[in-house]
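Asker: Below: one structure in structure tokens.
Every number in this text was worked out from the coordinates using simple rules, so none of it is lab data. Fair warning: this is a prediction, and the values are worked out from it, not measured in the lab. In this analysis, Cβ positions are derived from the backbone assuming ideal geometry, glycine residues included, and neighbour counts consider all displayed protein chains.
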Amino acid sequence: MNIKPSITRAGPVHFQPLEWELEPVSQYLKGHMLNAGCGNRDIGAYLRGIGTEKLTNYDIASGLPDAVIGPLEAMPFGEGQFDSALCNAVLEHVVSAAAVIKELFRVIRPGGHAVLAVPFLQPYHECPLDRRRYTGEGLAAAGERAGFKVVAVLPVHSAAQTLGWIGWEIAREKGPLTRAMAWPIIWLATRISLRTDKAVIRNANTYQVVLVRP
């Protein structure tokens, strides 16, 4: 059964579906995959459609019935248990990003891949806190320090989403008049420009880094 990806929205800001974000890295999400920081969204059907054979959802808290619960800094999994891992929009919120990446290295088999996505140009968004940002080079270096080798560094989102989201959060703080003026502009700009702009490399909203365990 084909499941149509859904556009999400925060206020007037439209965001592309996660399925679109994962298209450039789908080839690496194979075998037994760990969704580290799965949250409450079930993307199992999409992952099975791109070739993932088995999925383990894991997070500090989750409403998914099959999710394993625990801290990402100390996962209850064996050495080399997974063929691949996804850690999407999570590392900005954890207490220690270095500890989480080190754990991902441990639980992925040699030759297996990890896909990490972390914001660079985004407004503050707590879950429950918002602790850090990475450039593409910074995120790649964090992976290398844990023992990974870098396969690719890719931008995510469009300039309209970057500027629209930042602009909307500033407008929310400034008050009703600013919000009313900003809403239609941001709504239209982010609705039109949904797909990742691959030409924006140095100032991307988010960076996706593909890593391989040697």
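Asker: Give all pairs with beta carbons closer than 8 Å in which a residue from the stretch 106-129 that is over 15 Å from residue 32 (Cβ atoms) and in contact (Cβ under 8 Å) with a residue 40 or more places away in the chain meets a residue that is among the polar types (S, T, N, Q) and part of a loop (DSSP other than H, G, I, E, B); count only pairs at least 6 apart in sequence or on separate chains.
Answerer: From residues that are over 15 Å from residue 32 (Cβ atoms) and in contact (Cβ under 8 Å) with a residue 40 or more places away in the chain, the pairs are 119/205; 120/135; 120/203; 120/205; 121/203; 121/205; 122/205.
Asker: Hey, can you tell me all the residues within the stretch 139-184 that are over 30 Å from residue 110 (Cα atoms), hydrophobic (A, V, I, L, M, F, W, C) and without any contact (Cβ under 8 Å) to a residue 60 or more places away in the chain?
Answerer: Here is the first cut: in the stretch 139-184, the ones over 30 Å from residue 110 (Cα atoms) are 157-184.
Subset that is hydrophobic (A, V, I, L, M, F, W, C): 159-160, 163, 165-166, 168, 170-171, 177, 180-183.
Within the stretch 139-184, 159, 160, 163, 166, 170, 171, 177, 180, 181 meet the criteria.
Asker: Here's a follow-up. Looking at (1) surrounded by fewer than 19 Cβ atoms within 10 Å (Cβ to Cβ); (2) farther than 28 Å from residue 55 by Cα; (3) aliphatic (A, V, I, L, M); (4) within 17 Å of the chain's Cα centre (by Cα), find the lone condition where residue 152 falls short.
Answerer: (2)
Asker: While we're on this one: Could you look through the stretch 19-45, keep only residues that are over 25 Å from residue 76 (Cα atoms) and touching a helix residue (DSSP H, G or I) at 6+ places or on another chain (Cβ under 8 Å), and pick out the one that is surrounded by the most Cβ atoms within 10 Å (Cβ to Cβ)? Please lay out each step first, then the result.
Answerer: First pass over the stretch 19-45, keeping only residues over 25 Å from residue 76 (Cα atoms): 19-27.
Cutting the leftovers down to touching a helix residue (DSSP H, G or I) at 6+ places or on another chain (Cβ under 8 Å) gives us 19, 22.
Working: 19: 18, 22: 22.
Taking the candidates together, the pick is 22.
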